[in-house]
1. Tell me which GluC sites (Glu not before Pro) from segment B:117-204 have a DSSP coil assignment and no more than 16 other beta carbons within 10 Å of their own.
2. Could you work out the mean projected area of the convex hull around the alpha carbons of segment A:3-102, in square nanometres to one decimal?
3. How large is the dipole of chain B about the Cα centre if only Lys and Arg carry +1 and Asp and Glu carry -1, each at its Cβ, rounded to the nearest 20 debye?
4. Taking each residue of B:305-314 in turn, how many C-beta atoms of other protein chains fall within 10 Å of its C-beta, and what is the average?
5. Could you size up the charge dipole of segment B:229-303 around its Cα centre, putting +1 on the beta carbon of Lys and Arg and -1 on that of Asp and Glu, and report it in debye to the nearest 20?
6. What is the Cα centroid distance between segment B:198-217 and segment A:61-80, reported in whole angstrom?
7. Find which of B:Phe56, B:Ser177, B:Ala129 sits farthest along the positive direction of the dipole of chain B, computed with +1 on the beta-carbon of Lys and Arg, -1 on that of Asp and Glu, about the Cα centre.
8. What order do you get for A:40-46, B:326-332 when each peptide is scored by the mean count of other beta carbon atoms within 10 Å, highest first?
Amino acid sequence: MELPRIEELYQKYRDKGFGVVAVEALRDTERARKFIADKKLTFAFLENGTGADEVVARVYGVGGFPSSFLLDSNGKIIFSHYGFEVGDEEKLEAEIRKLIEKG
Amino acid sequence: MRKLLISVAAVAVLGTWGCTRAPATPEQVEAAYKVAQEAWDAAPTPETKITIAKEFLAKHPDTKYTVRVVREAMNVLSEELGKPGEAETLVRAVRAKVKDPVTRRRLGVAHVGALATLKNGAQLAQVAATLGADPGLDFYDQVSIAEAAIAVEAWDTALTFATEAAGIDGEKLKAISPAGRYPTPADLERAVNKRKAWALADKGWAEFKLGRTEDALETFEVASTLDSRQIMGNSETSLPVYRGRTLLAAGKAAEAVEVLVASALYGDEKDARAALEQAWRAQGGQGSFDDYLWSERQRRAIPAPDFTLPDYEGTPHRFASLRAAEVTLLTFWFPT
């Protein structure tokens, strides 16, 4: 899922209780900062740690990017998504709507 | 995996270089490429881009830009103009003129991809056979040929290249990865194992399709010990789908459900859901499959592990404190 498309979803659903946290996995700090500024991304950004503070592979088991998880209002993981292809945004949006409605 | 990022490409040539007998110097090729690239960027239509690319390739068929220009032009032909047949013709014609072994190899891999798009299994198997003995093929070449062969059901070719790809090891992976991509031996091992599992999944699927179900199930068994799973137990490879379908065909529906459920619930592969629905019905599932999925998801869902990481000002944040009221998307990315 490309972050600029996620930004669109964020703008559309943030008032309904939808939030985004993006963790940059490889600590490519300068390029990440530039990307965030260039694409005018407004949700929360964190940077992965190293060693014992490494989260992406060690805690979430993620080795391929982009990988995304949807959490419900209880903080439980209810959906995960790997890669980006045409049509992914629609699938993700459908899941978000379902969670907002059933939430 | 990750889509090929398309940079710019292409051509047009200054003066009369194309008419002289002496081969162009690297500087001349460089200059011609730059001119072509600018013309490509300013091209008013996709057809113009193709003309620019073909002119460049006609004058400079065998340079370090050949693969890039051919791939860009193939992409425009297939995606923008809807002419995958012409993409195949282009790559075949250029490859015939190329002598540089690396360029020949890379064009061969692109040619296999074009033949998969055209569903031409017979020719794909032939072109793949010309590449088969090339020791320069790397893991990604081998796996992309295997998967192209799977797409056209050329199972012998798929088996050959998936088997080669499964021979990936730490040294080979480091040689084709950016420096520093795997900072620790554990990172490297995890990455190697994941790629092995990926190739073995393709291999097992080819074995199954060739009627060797027992071999396939053994291959999948090995693959599953190597595959790294995401936190919800879903794989980033096709292994669960291939393994689940093979188990189902072998009459092991309950095992198939177990293998498929994590990917179908927490991944979003259509194939995994379709295979799970078959397996679920085969072992007696009744009623609405969507209701089953939703309730299984709720039942198996686990809390997202909390963590603390810094933002770009260096301020640490607990993930739990950033969660939204109804739905939170946690995404792991890197800048491309």
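Values in this text are rule-based calculations from the coordinates and carry no lab data. The structure presented is a predicted model; accordingly, all values stated were derived computationally and were not measured. Cβ: placed from backbone, ideal geometry, glycine included. Neighbour counts: every protein chain shown.
1. Passing sites in segment B:117-204 are B:Glu153.
2. It is 6.8 nm².
3. With only Lys, Arg, Asp and Glu charged at Cβ, the dipole is about 620 debye.
4. Going residue by residue through B:305-314 and averaging, the value is 6.
5. So the magnitude is around 160 debye.
6. Using only Cα atoms, the two centres lie 30 Å from each other.
7. Final value for the positive-end residue is B:Phe56.
8. Top of the packing list down: B:326-332, A:40-46.
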